[in-house]
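The values are calculated or read from the model by the stated rules, or taken from the named source; none is laboratory data. Since we're looking at a predicted model, the values are computed, not measured. Glycine gets a Cβ as well: all are built from the backbone with ideal geometry, and neighbour counts include every protein chain shown. Remember, those area values only see protein heavy atoms, side chains included, never the ligands or the DNA or RNA. Shrake-Rupley method; radii C 1.70, N 1.55, O 1.52, S 1.80 Å.
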Amino acid sequence: MKSEKIGIGPGQRAPAFEKRVKRRIVARPMAFFAATNPGLEELCLAELQALSLVGPEGTATEGGILFNGRLHDGFLANLCLGTANRVLMRISTFGASNFHTLEKKMAAIPWELYLRPGQPRRFDVAAHHSRLYHGTAVSDRCERAILDRLSNTGQDPEPQESAVGQRIFIRVVDDQFTVSLDSSGESLYRRGLKSRVTAAPLRETVAAALLSLAGYSPAEALVDPLCGSGSFSLEAAMRAHNIPAGWFREFAFFGWPAFALTRRRWKHLKDTLAARIVKTAPSAIFATDIDPAACKSLEENAAACGLLATIAVANRDFFELSPRQLGVAPGLLVANPPFGRRIGSRNQSDAFFKLLCNRLKTVWHGWRVALVVPRKGLLKQIPFPITAREIRHGGLRLFLTTGRVAR
């Protein structure tokens, strides 16, 4: 293998460097943290357990799940988790109550094993009950320590603007530092499916969570009557075809020196999952929207990833749509009504929600219904028994509700 493929410094021999990477990163168990929206931790834990990355004794913490595994287990989590926002790999923990100690501890981390030469760094710092609480100052000292380390190990320390950056998360609680690498890159809700989106699109992680809470099965009909750019429909279609959530995207770990030494493992993982993909799905997924531009966006996005044959898209007004027109047995209806923030006003949103609930009660008898509800006060408008789960989403409190309209 040529040395430039894994980004070693000019003073290091390739075999020796590769041996260090294998010994320190590839061969060792690593600690990972799957970060998710508060309120979705149990769902994310269930996904990790289904992947055999966490045992039945595993527990969730606020904002995510900590799990241990080999490097390729982190790859699998990125590829398959539907409700996680990102997967962090923890590389160091230490105590520091002054900047001198911080720089010393950061410089002791073997950054040359984690970063390519010239790779820009971006720091995400959060400090609580710490003497070192100023995020910019902490970032500056960490960057300086990394520059010193890379200079001393023969790497080009200066970041290059053209290189893909690496996000480094630093969490400080009571002067205890936890340093992690972001293995995901863009947030995992970006599935790589949508080249076109509508206003105020629902994040795919939330769509995946609601489908799970509703117990969606590809064997039943799914109706997405306010589809927008199609988060629910695309997520359901991927499940129907057994396509992993991250199948169509790239990840930050592609740029790690260790990835160059684990490409065969990555190919084996992808080949194994590819063999499980169902080419012809039995699902009946109906996506409608009153906005023709939204329907066009969904059609183009679905066609680009080979899912258009699974999703029937139509420009229809929900208040003129009935299950009789679809000709299917009662299944699952999912909807994300306008919040009244980026689309319309709050009063308009509340009035629309009331009309939506009345339409469901009047027409959709026997159907299970899953709704994203933007305000707690609207829950009492739902005219059938529901189960509601509160989550945090971009600074908002949302309620994911599931229930069934009486026959």
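Across the range 187-236, the mean sequence separation of Cα contacts (distance under 8 Å, 6 or more residues apart), normalised by length, yields a relative contact order of 45 percent. Within straight-line reach of Lys296, meaning a Cα separation under 20 Å, sit the following lysines at least 8 residues removed in sequence or on another chain: Lys194.
About its Cα centre, the dipole of the chain is roughly 460 debye, where the only charges are +1 on Lys and Arg Cβ and -1 on Asp and Glu Cβ. Basic side chains Lys and Arg get +1 at the Cβ, acidic Asp and Glu get -1 at the Cβ, and with that the dipole of the range 204-271 about its Cα centre reaches some 540 debye.
Between the DSSP loop rule and a limit of at most 14 other Cβ atoms within 10 Å, which GluC sites (Glu not before Pro) in the range 12-85 are left?
Values: sites: Glu18, Glu41, Glu42, Glu47, Glu57, Glu62; in loops: Glu57, Glu62.
Hits after loop and neighbour filter: Glu57, Glu62.
Length gained on full extension, Glu186 to Thr136, computed as 0.36 nm times the residue gap minus the Cα-Cα distance: 15.8 nm.
Write down the percent of antiparallel bridges among all DSSP beta bridges whose residues are both part of the range 125-276, to the nearest 5.
Values: 6 of 10 bridges.
Roughly 60 percent of the beta bridges in the range 125-276 run antiparallel, per DSSP.
Taking the chain as a Gaussian network of alpha-carbon nodes connected by springs under 10 Å, the highest mean-square fluctuation of the residues Gly63, Gly185, Gly95 belongs to Gly95.
Amide H contacts of Ile91 (H built 1.01 Å from N, in plane; Pro and chain starts excluded): Val179, Ser180, Leu181 sit under 5 Å, all sequence-distant by 5 or more or on other chains. Distance from the Cα centroid of the range 40-73 to that of the range 127-155 is 30 Å (rounded to whole angstrom). Ordering 99-106, 277-284 by mean Cβ neighbour count within 10 Å, with the highest value first, yields 99-106, 277-284.
Using a cut-off of 14 Å between beta-carbons, work out the net charge of the residues near Asn37 (Lys and Arg +1, Asp and Glu -1, Asn37 not included). The partial results should precede the final answer.
Values: positive: Arg86, Arg203, Arg389, Arg392, Arg397; negative: Glu41, Glu42, Glu47, Glu62, Glu204, Glu390.
Once positives and negatives cancel, what remains is -1.
Please compute the net charge surrounding Ile277, taking Lys and Arg as +1 and Asp and Glu as -1 over other residues with Cβ under 12 Å from its Cβ. Walk me through the numbers before you get to the answer.
On the way: positive: Arg239, Lys270, Arg276, Lys279; negative: Asp271.
Surrounding charge for Ile277 is +3.
Considering only Phe123, Asn78, Pro374, and ranking their Cα positions along the charge dipole of the chain that arises from unit charges at the beta-carbon of Lys, Arg, Asp and Glu, the one farthest toward the positive end is Asn78.
For the chain, the relative contact order is 15 percent, taking Cα pairs closer than 8 Å that sit 6 or more residues apart in sequence and dividing their mean separation by the residue count. Taking label points 7 Å from Cα along the Cα-to-Cβ direction, Leu355 and Ala304 give a separation of 3.1 nm.
Basic side chains Lys and Arg get +1 at the Cβ, acidic Asp and Glu get -1 at the Cβ, and with that the dipole of the range 248-407 about its Cα centre reaches some 680 debye.
For the pair Glu42 and Asp271, label points projected 7 Å from Cα toward Cβ lie 4.0 nm apart.
Between Arg389 and Ala14, what's the calculated FRET efficiency when r is the beta-carbon distance and R0 is 45 Å? Round to 0.05.
Working: r = 51 Å, r/R0 = 1.14.
That gives a FRET efficiency of 0.30.
Residue separation of Arg397 and Ala126 scaled by 0.36 nm, minus their Cα-Cα distance, works out to 95.4 nm of gained length.
Listed by chain and number, the aspartates and glutamates whose C-alpha is less than 14 Å from the C-alpha of Lys380, apart from same-chain residues fewer than 8 away, are Asp350.
The alpha-carbon of Lys267 sits under 14 angstrom from the alpha-carbons of these aspartates and glutamates, leaving out residues fewer than 8 places away in its chain: Asp73, Glu250. For Phe123, the residues 5 or more places off, or on other chains, whose built amide H falls under 5 Å of its own are Ile168. Here the chain exposes an accessible surface that is 50 percent carbon and sulfur, computed with a 1.4 Å probe and the other protein chains kept in place. Relative contact order of the range 197-291, taken over Cα pairs closer than 8 Å and 6 or more residues apart, is 45 percent.
Here's the picture: charge each Lys and Arg Cβ at +1 and each Asp and Glu Cβ at -1 in the chain, and of Leu211, Thr272, Gly230 the one pushed furthest to the positive end of that dipole is Thr272.
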